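Just so it is clear, none of the values below were taken in a lab; they were calculated from the coordinates. Remember, it's a predicted structure, so these values are computed and weren't measured experimentally. All Cβ positions, glycine included, derive from the backbone under ideal geometry; neighbour counts span all protein chains shown.
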Amino acid sequence: MYLEKFDKFLQTVPLKDYRKKYSTIKIVEMDLPKGIQAIELLYKVYWEEKKFITFEKFYKRYTKEKGDLLEKFRQKTTMCKDCFYRGIEARIYRTWAGLITQIHGGYVAESVFGNGTVDMSRELDSLGADIRVNYKNRILNYQVKKTSFSGVMSRVPLPRKKKNNGENIDIKYEVPTCLSDPKTKSGEFRLPYLRFLEDKRTKAFDNGFVVFTPDTFLPKKKEIDNSLK
């Protein structure tokens, strides 16, 4: 139920408008204090509370809850109000866009492994376990990473700050820049777009939002199921 609701929500996100509004604003790029980072609130809203709200509504809640801390940090950095708040809004949008894709992946994983099998939080995120699955006494720590094409997908494991209990699994995926313009002038599909179509672990909604499919998680589920037969 929640996955279906999240799907419908993501399909309404005006990605083109957001990119046009925020892509060139990179004013607040310094490390943010833990108190004003948005990750914890994102997990709280979209995973714990299961409220699939627009970025505007999320940002309003974020500034309401973090207002005093934001202003203290602004004054510490000596930035003008206009620059700082335009910059922080764009910064939070980029965090929002990346993390809701990851959280959506958690709902997809839950649809594969079963209700109550998935855990996500800021703490697990910091350990490199973006999506943790506990299935038939097996712990799976999925780490998500969007990569650029380099000819061959690197087999080097993604770095993790600490050793986790269970099995670490990397989800490396490519999002081609030509999704909105997949054909060349001669009418042929561009190679990055063809690679994207071949990777059944991801799909794109009409608005350009790329999400994970059950194929991301089904192979490991089948492997565990078969090992217990």
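Descriptive notes on the structure:
- To the nearest ten degrees, helix 81-113 and the longest principal axis of the Cα atoms of the chain are 20 degrees apart.
- Placing +1 on each Lys and Arg Cβ and -1 on each Asp and Glu Cβ, with no other charges, gives the chain a dipole about its Cα centre of roughly 340 debye.
- Straightening the chain between residue 115 and residue 223 buys 37.0 nm, computed as 0.36 nm per residue apart minus the Cα-Cα spacing.
- Over 18 Å (Cα to Cα) - which of 51/136; 200/221; 20/60; 146/203 fall in this group: 51/136; 20/60
- Here r is the Cβ-Cβ distance between residue 213 and residue 97 and R0 is 25 Å; the resulting FRET efficiency, rounded to 0.05, is 0.85.
- Per-pair calculated FRET efficiency, R0 = 41 Å: residue 186 and residue 69 via Cβ, rounded to 0.05: 0.15
- Among 167-177, 17-27, the order from most to least packed when residues are scored by Cβ within 10 Å on average: 167-177, 17-27
- Amide H partners (placed H, <5 Å) of residue 54, local residues excluded: none
- Relative contact order of the chain: 19 percent, from C-alpha pairs under 8 Å at least 6 residues apart in sequence.
- In the range 69-139, taking the dipole from charged Cβ atoms about the Cα centre, the farthest positive-side position among 113, 129, 83 is held by 83.
- Rounded to the nearest 10 degrees, the angle from helix 218-227 to the longest Cα principal axis of the chain is 40 degrees.
- With 0.36 nm allotted per residue and the present C-alpha distance subtracted, the residue 200-residue 16 stretch has 63.8 nm of extension available.
- Entries of 16/185; 163/229; 66/145 with Cα pairs more than 24 Å apart: 163/229; 66/145
- Label selected from [x] 62, 52, 36; [y] 52, 43, 33; [z] 70, 38, 25, the criterion being Cα extents along the principal axes in Å as computed here: [x]
- Set of the range 187-229 residues, backbone N closer than 20 Å to the point 7 Å along the Cα-Cβ line of residue 147: 191-204, 210-220
- Simple point charges give the picture: +1 on the Cβ of Lys and Arg, -1 on the Cβ of Asp and Glu, and for the range 2-107 a dipole about the Cα centre of about 260 debye.
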